[in-house]
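Here's the structure we're looking at; comments come further down.
Every number in this text was worked out from the coordinates using simple rules, so none of it is lab data. Predicted model only: the values in this text are computed from it and were never measured.
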Amino acid sequence: MNTLNKYYFQGMRFIPGYYDFDFDDYTIEAVNEEEAWKELFKMTKKFTWKSVGLTHINGEKVEK
């Protein structure tokens, strides 16, 4: 059985109802980073991201 990790994303996205950008964050549980990105975009498909990045995995800061 695969262990789920917690992936924390932060970014800025366009909110059509406001006609403006807003900052947002999401925590996604997934088995790997690729699946976490897929789930993030699936959950937020009605919004357009201006920028988004992975900041933490299991509470540990991601250094890139």
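If you count Lys pairs in the chain whose Cα atoms are under 23 Å apart, skipping same-chain pairs closer than 8 places in sequence, the total is 14.
Take the convex hull of the alpha carbons in the range 5-61; its mean projected area over all directions comes to 3.6 nm².
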